[in-house]
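Enquirer: Questions regarding the structure given below will be posed in turn.
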C-alpha cells in the first residue's frame, strides 16, 4: 500500500504499490514544514542550530582601514622618511604627511594620509630613508584592507535557514554578535528494535552487533538534530507500543520492524498509538520497506529497515528531509557529478549506491548489499541511480556522507 496520507494506520502494508523515491522525499519535507520556535543563544551554544533570522553585520568589516601585511605604511611616492611604529590596538596613529612612512604590523590601523603598505620583503632602509625594491612598483591602496571591504553595517550576510557551523560562528563574532537567534533543534529519540542485537562484544550464534546505534546518532546530529540516549527495545508489541506512547521527542526514529514478518510490530503499534501513515514503502534499493508516520501532537516517526545500509537509505530519504524542514534549514541545490563508470541500477526502483569521487567523476564501490557497511565506510557520497542504471558520463545526484 502506498502513502495513506490522512488515514489511520490499520494494518501492515500488503499491496505492491509504493512511493517513488523523489515523491517520498518531498512528502517527508512537506511533513516538517512547521519549523520549531526561535531562541536566542550565546555563540558558544549555537553550533549545530539553524539561523532563525538573517545574519546582519553590526559593524563595518573591517571597521577601519587596516594593513594587510607587515611592513611600512607610506604616503605618496618614495623614498620615504620613516618615523615611528604602529601596532594593532585601540590607539589612533598620528597622521602621515606626504613622503612619510611608519613601520606597521598586520591588522594595525592605517594612519590617515597613508596611501599604501609596502611589504617588509619589498623595502629596505638606507639610513633614515625607506626605498622599495619589490618586483613591481607600489600602487595606491596596495596591501590595504579598506573599511567595509567585506561588509557594511546592516548588510545581510547570511539568510535565515543557514546551518550554524564554525565558520558562521566566526563571521558572527567578527561582525559584532554575542548571541544568535536560532531554531530549537528537533529532539530525536532512536529506538533500536530486535532481540538479536548486542551493543557490545563479539556476536555469537543467532546474535549480531548493532551497527545503527553507533552510526545513526552522529548522522542525525549532523543534520541538526538533538539526539538523546539510544534505547533498545525487544521484539515485543507491548514494549514498542508503550515506547511510542510515552515518547516526547519531536521525531522518533526506529530501526527494524517495518515489514510484515512475525515480529514486525511497528504498523500495529502505530495504529494503537493513533498515528497516521504518510509513506508506507518507497521504490528504492536498498531500503524499500521504510515508512513515515505522523504521531499525535504533530510529532513524527521515521521507520527504518533493520539492515544497516537499508537504514542509511531510509535516513537520507525520509529522516533528513524531515529534520531539515523542522529545523527551518534551507535546502540547497542538488549536488551533481558525472559517473566515471557505469552505475548499475534496479530495473524499476531508484538505487542509492555508495561511490567515491575521482578526477573523471564518481565510481561505484563494492560491498553495497543492504546488510553491508564496508562500501559506505569508504564512500564520499551516495549516488542516486535512476531505474535501469546510469551510463558512464551520465550526470547523477549525490547525497553527501557526513
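The numbers here are math on the coordinates, done by the rules we state, and not lab data. The structure presented is a predicted model; accordingly, all values stated were derived computationally and were not measured. All Cβ positions, glycine included, derive from the backbone under ideal geometry; neighbour counts span all protein chains shown.
Enquirer: Using 0.36 nm per residue of separation minus the Cα-Cα distance, give me the extension gain between residue 341 and residue 232 in nm, one decimal.
Expert: In short, 35.2 nm is gained.
Enquirer: Right, here's the next one. Using only helices, what value at 222 nm comes out for the chain when you add -39,500 (n - 2.57) per DSSP H run of length 4 or more and divide by the total residues, to the nearest 500 deg cm²/dmol?
Expert: -4500 deg cm²/dmol
Enquirer: With a point put 7 Å past each Cα toward its Cβ, work out how far residue 246 is from residue 83 in nm, to one decimal.
Expert: Inter-label distance under the simple model: 8.1 nm.
Enquirer: Let me ask you something else. Have a look at the DSSP beta bridges in region 335-400 and tell me what percent are antiparallel, nearest 5.
Expert: Roughly 95 percent of the DSSP beta bridges within region 335-400 come out antiparallel.
Enquirer: Once you put a point 7 Å from the Cα of residue 207 and another 7 Å from the Cα of residue 333, both along the Cβ direction, what distance in nm separates them?
Expert: For residue 207 paired with residue 333, the spin-label model returns 5.2 nm.
Enquirer: So, one more: How big is the Cα convex hull of region 138-190 in projection, averaged over all directions, in nm²?
Expert: In nm², the orientation-averaged hull projection of region 138-190 is 5.9.
Enquirer: Hey, another quick one. Give me the percent of DSSP beta bridges within the chain that run antiparallel, rounded to the nearest 5.
Expert: About 70 percent, rounded to the nearest 5.
Enquirer: Mean-square fluctuation check for the chain, GNM, Cα pairs under 10 Å: which of 309, 270, 96 is largest?
Expert: Greatest mean-square fluctuation among the candidates belongs to 96.
Enquirer: Give the span of the chain's Cα atoms along each principal axis, as three whole-Å numbers ordered largest to smallest.
Expert: Largest to smallest, the principal-axis extents are 93, 47, 41 Å.
Enquirer: So the label point goes 7 Å from the Cα of residue 366 along Cα→C-beta, right? Which residues of region 322-346 then have their backbone N under 20 Å from it?
Expert: 340-345
Enquirer: Once fully extended, how much extra length lies between residue 137 and residue 68, figured as 0.36 nm per residue of separation less the alpha-carbon to alpha-carbon distance?
Expert: 23.1 nm
Enquirer: Counting only Cα atoms, I'd like the Rg/Rh figure for region 213-350, Kirkwood definition for Rh.
Expert: Dividing the radius of gyration by the Kirkwood radius yields 0.98.
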